[in-house]
Every structure is written in C-alpha cells, then in structure tokens.
Amino acid sequence: MNALHQDLTNKVVVIRPEGLRREFHALPHRLFRVTGGFGAQPETLGQKIFGTWLGTGTDDVHNGMDVERLATEADLQALEHARLAAQHPNTPAPEEASHA
C-alpha cells in the first residue's frame, strides 16, 4: 500500500519532506526510484518500498505512505541542474545567467 494507490515499481517518486532531515528537503534530494516492496503495490498490506535515491545512488528502504507524487520531467531536470551546479560551483544557474 502506498499514498498514491498505484503500482510504483520502476517509477521515480517524490518523497514527502516531513520524514527527511532538513538538509534533504530540497526537491533533488527527494527523488527515489522504486524497485519493489509490498508498499510499491496498491492493494497489499505492507508499506515498505525499496529503491535508490537518485541524488546519491544509495539504495534504501522507505515507507510507501511517505510518497508525495510521481516525479515529473521537470523534477528530473532539477536534479540534473543540481548535479551540474555541484560540479561547476562558479557557473550561474540558467535562470541567473539570463538576469545578469
């Protein structure tokens, strides 16, 4: 069982920030690729979902009821922008560059 009441297997979801440490509340840190678990299925009693945090590549277990929504293409682009900013900290973000 999960908060979205749908099959989450092999989908990227956004985890609610309330269950995470404050430094992980930003969207790029909340993207989780679900690989399985009873919580990934809509009609099971279990709530654990297994998967990988996209920001770190770390495998983890989370509660399916903490899923906020399915990730969008814009969410995945935000993760990519965050990765690029971390690799090149002196380069302005695209929206900052257009206002310079």
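A search for C-beta distances below 8 Å between a residue of region 78-93 that is closer than 13 Å to residue 54 by Cα and small (Gly, Ala, Ser) and any residue that is at pLDDT 85 or above and not in a loop (DSSP other than H, G, I, E, B), counting only pairs 6+ apart in sequence or on different chains, returns 78/27; 78/28; 82/28.
Within region 41-59, residues that are closer than 13 Å to residue 29 by Cα sit with their Cβ atoms under 7 Å from residues that are in a loop (DSSP other than H, G, I, E, B) and not charged (D, E, K, R), at 6+ positions apart or across chains, in these pairs: 52/58.
Could you tell me which residue of region 23-62 is modelled with the lowest pLDDT, considering only residues that are of a type in the set (Phe, Trp, Tyr) and closer than 22 Å to residue 73 by Cα? Residue satisfying both the conditions and the ranking: 24.
Taken across region 62-73, residues that are in a helix (DSSP H, G or I), surrounded by 15 or more Cβ atoms within 10 Å (Cβ to Cβ) and under 10 Å from the mean Cα position of the chain (by Cα) do not occur at all.
If only residues of region 1-39 that are touching a Ser or Thr at 6+ places or on another chain (Cβ under 9 Å) and assigned to a helix (DSSP H, G or I) are counted, the one that is surrounded by the most Cβ atoms within 10 Å (Cβ to Cβ) is 29.
The values are calculated or read from the model by the stated rules, or taken from the named source; none is laboratory data. From a predicted model like this one, the values you see are computed outputs, not experimental measurements. Using ideal geometry, Cβ is built from the backbone for each residue, glycine included, and neighbour counts are taken over all protein chains shown.
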